[in-house]
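The values are calculated or read from the model by the stated rules, or taken from the named source; none is laboratory data. From a predicted model like this one, the values you see are computed outputs, not experimental measurements. Using ideal geometry, Cβ is built from the backbone for each residue, glycine included, and neighbour counts are taken over all protein chains shown.
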Amino acid sequence: MSTNLHQATKLELFNFKSISTRTFWITSFAFFLCFFAWFGIVPFMPDVVRELGLTPDQKWNSIILAVTGTVFARLLIGKLCDTYGPRLSYTWLLILGAIPVILIGFAQTPLQFLICRLFIGFIGASFVITQVHTSIMFAPNVVGTANATSAGWGNLGGGANRLGMPLIAAAVVSFGIADSEAWRYSMIIAGIACFIMGIVYYFFTQDTPNGNYKELRAKGELSNSKRDEVGFLEVLKDYRVWVLFLVYGACFGIELTVYGTMDDYLQNTFQLKRVTAGNIVLSFALMNIFARTLGGFFGDKFGKLKGLQGRVLFLALILALEGIMLLTFSSVTTLTFGIIFLIAFSLTVQMAEGATFSVVPFINKKALGSISGIVGAGGNVGAFLAAMLLKSKSALAEKTAIAANKGLSTEAIELAQASASSLAVSNGYLIIGVLIIVAALLSLTIKFSTANENISDKNIEDLKMVMADK
């Protein structure tokens, strides 16, 4: 793996003459829009349930379908990036992904709504392309920081919709549209924004600092030979890819699940109002502005000090801290300490996500897209499994509480139900915290050959010479 001397050796956010910087901003904003549209329907779910008559099962199925679609899309999109380049892959994902986002605004039946949610989930694969594109544009000494920052800022789209979508709906209503129809127009607007972003991506980015894949292949600077490509089966056989798959499930997957269940948990455990609990959760989601970046930054620093194994060491350390913070939070009974450990969990889980993708680019550069896709999919699989664990424990506890308090007042039954749910979810968080620590220990099995370490050392020396010339 040789260093591309045209890659940016610094993350200079306002150096717009640099193709790497321009790509960083465009890919981050594209990622933001995709996540904004992917979770855009969430603030409107009460309206959707009323208008389309969704049953509780259909409501849960829509959530599961959105996650399921993303898993398969992430696995596919990584291979497409390796073959066609991130520019074309992102262009088509944005343009085609905009279609179900727009169509959901025209849904008239629960089935139509569920189908749209399945295909909207495909735009969650945007994360993979963003990571591939920044990995190509930035040199090894800063690639972890660049990956983590673009991912963190893009992830904000998943939290910004809590504020942004109601504002769009309010603007729509101000033009005379009925409140009950505002969610439809809001989703259509989000879809149009994704479509426009696809056009922007095509005309204002390129695959590598040296040009697009098609041009480089024509010049002979990028191999057309199948022998030089790493087969997908070869990637699947690399145990390190699957360790990182589990690791990303233990950080990003758990972040999705914890924040998805935290509103109710804070209400049931600390008797907070829904608005207060929602604002607390939203504020912690906004830590993506800097927390992921810290994970990538320290991954790069450990890499500089200890080589490729240093990156793995930091990943294991921050992942273990994440697990400790979550299991400690699960046993806290006072709001003050609860918020302290929730802050600590938010910081460490997002740093672990950044640290994960400070390791991914060094597993196999020739299959960067495929590896990023598999690891990215691990996050959604982790979210699904953790959600199933919490849902099963909470549902059983609530049913038992209702049966045990049968005959009492509605208020007493609801109080018992809330208490049972709180205890069940708390136990679930404890179990997940322990599993995260196990994943941290497992990450230490990731090893790099002496040849890889020597190449990494040579890349660092090359970069020092380039930076000295500048």
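With respect to the numbered conditions (1) outside the structural domain of Ser449 (by TED's automatic domain parsing); (2) within 26 Å of Ser28 (Cα to Cα), which one is the sole condition not fulfilled by Glu221? Every condition holds for Glu221 apart from (2). Take Ile460 and tell me if it is within 31 Å of the chain's Cα centre (by Cα), at pLDDT 80 or above and in a helix (DSSP H, G or I). No: the conditions fail for Ile460.
Restricting attention to the range 41-59, does a residue exist that is modelled with pLDDT of 90 or more and under 28 Å from Val142 (Cβ atoms)? No; the residues of the range 41-59 include none that is modelled with pLDDT of 90 or more and under 28 Å from Val142 (Cβ atoms). Filtered by the rule that a residue be part of a helix (DSSP H, G or I), among the small types (Gly, Ala, Ser) and at pLDDT below 95, the range 187-239 gives a lone residue, Ala218. Taken over the range 369-395, residues that are at pLDDT 90 or above and surrounded by fewer than 24 Cβ atoms within 10 Å (Cβ to Cβ) amount to 2.
Considering the range 14-24 alone, what residues qualify as being touching a residue at least 12 places away in the same chain (Cβ under 8 Å) and either surrounded by fewer than 21 Cβ atoms within 10 Å (Cβ to Cβ) or among the aliphatic types (A, V, I, L, M) (or both)? Spell out the reasoning first.
Looking only at the range 14-24, we keep the residues that are touching a residue at least 12 places away in the same chain (Cβ under 8 Å), and these are 19-24.
Within the range 14-24, Ile19, Thr21, Arg22 qualify.
The set of residues from the range 417-437 being at pLDDT 90 or above and in contact with a Leu (Cβ under 9 Å, 6 or more places away or on another chain) comprises Gly428, Tyr429, Leu430, Ile431, Ile432, Gly433, Val434, Ile436, Ile437. Tally up the residues in the range 161-195 that are closer than 25 Å to Ser89 by Cα and of a type in the set (S, T, N, Q), please. Of the residues in that region, 1 qualify.
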